[in-house]
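Shown next, in structure tokens, is the structure this report addresses.
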Amino acid sequence: MRFLGDLERAMERWSDALWELLIPPAREQAEVVGRLRRECDDHALILDSRRTLVPNAFVIELPPESHRRLTPDSALLAGQLAAQVCRHAAEQGYTFAGPVAVRLAPARAAGVDRFRVRSRIVPAQGTSPQAVSSSSRLPRDDTP
């Protein structure tokens, strides 16, 4: 049991360290999650009275140094952020065109001090691209 307690404390320290890299300590940790939620809300497309389509592919652009430090653990962090997006969508009654994906990427342009979020609607495999292509918010990337 002691091993599990030590492991849990180590995971908490690791999680706190990741957030400190992603967001300066003076900022709240919820800022990234809040930005992802706002991205859904701002780019929502009302399809009918029961369905509102929101982006399902998110790219969080980080300063190069932060991205290098987070790269080894980016899959776990991206999964946690995707779960937060799914929770928000469920609370708001939103619909996705495909699975939710969050990817961490180095910023392409200079001037990204903290982070920037880009989003788009990506259809699920087997879905007609014409159904959602007009609602896409960003140019297509090779990966979400």
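The values are calculated or read from the model by the stated rules, or taken from the named source; none is laboratory data. Computed from a predicted structure; not experimentally measured. Heads up, the Cβs are rebuilt from the backbone with ideal geometry, glycines too, and the neighbour counts pull from every protein chain shown. When the accessible area is computed, the model is the full protein with side chains, heavy atoms only, and any ligands, DNA or RNA have been set aside. Shrake-Rupley method; radii C 1.70, N 1.55, O 1.52, S 1.80 Å.
Does region 38-54 contain any residue that is within 22 Å of ARG108 (Cβ to Cβ), open to solvent by 80 Å² or more (accessible area, probe 1.4 Å) and assigned to a helix (DSSP H, G or I)? Looking through region 38-54, at least one residue is within 22 Å of ARG108 (Cβ to Cβ), open to solvent by 80 Å² or more (accessible area, probe 1.4 Å) and assigned to a helix (DSSP H, G or I). Can you confirm whether LEU138 is within 30 Å of ASP16 (Cα to Cα), open to solvent by 30 Å² or more (accessible area, probe 1.4 Å) and modelled with pLDDT under 90? In short, no.
Results for (1) at positive phi; (2) surrounded by 15 or more Cβ atoms within 10 Å (Cβ to Cβ); (3) small (Gly, Ala, Ser); (4) part of a helix (DSSP H, G or I), shown as yes or no for each residue.
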| position | (1), (2), (3), (4) |
| --- | --- |
| PRO72 | no, no, no, yes |
| ALA75 | no, no, yes, yes |
| GLN80 | no, no, no, yes |
| ALA83 | no, no, yes, yes |
| ARG87 | no, no, no, yes |
| ALA90 | no, no, yes, yes |
| PRO99 | no, no, no, no |
| LEU104 | no, yes, no, no |
| ARG108 | no, no, no, no |
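Here VAL59 clears all of (1) under 14 Å from VAL117 (Cβ atoms); (2) at pLDDT below 95; (3) surrounded by fewer than 17 Cβ atoms within 10 Å (Cβ to Cβ) except the condition numbered (3). Taken together, the residues in region 110-123 that are without any contact (Cβ under 8 Å) to a residue 40 or more places away in the chain and either surrounded by 15 or more Cβ atoms within 10 Å (Cβ to Cβ) or under 11 Å from the mean Cα position of the chain (by Cα) (or both) amount to 1. Is it the case that region 24-31 has a residue that's of a type in the set (Gly, Ala, Ser), outside any helix (DSSP H, G or I), modelled with pLDDT under 90 and farther than 17 Å from ARG118 by Cα? Looking for residues that are of a type in the set (Gly, Ala, Ser), outside any helix (DSSP H, G or I), modelled with pLDDT under 90 and farther than 17 Å from ARG118 by Cα, one finds at least one in region 24-31, hence yes.
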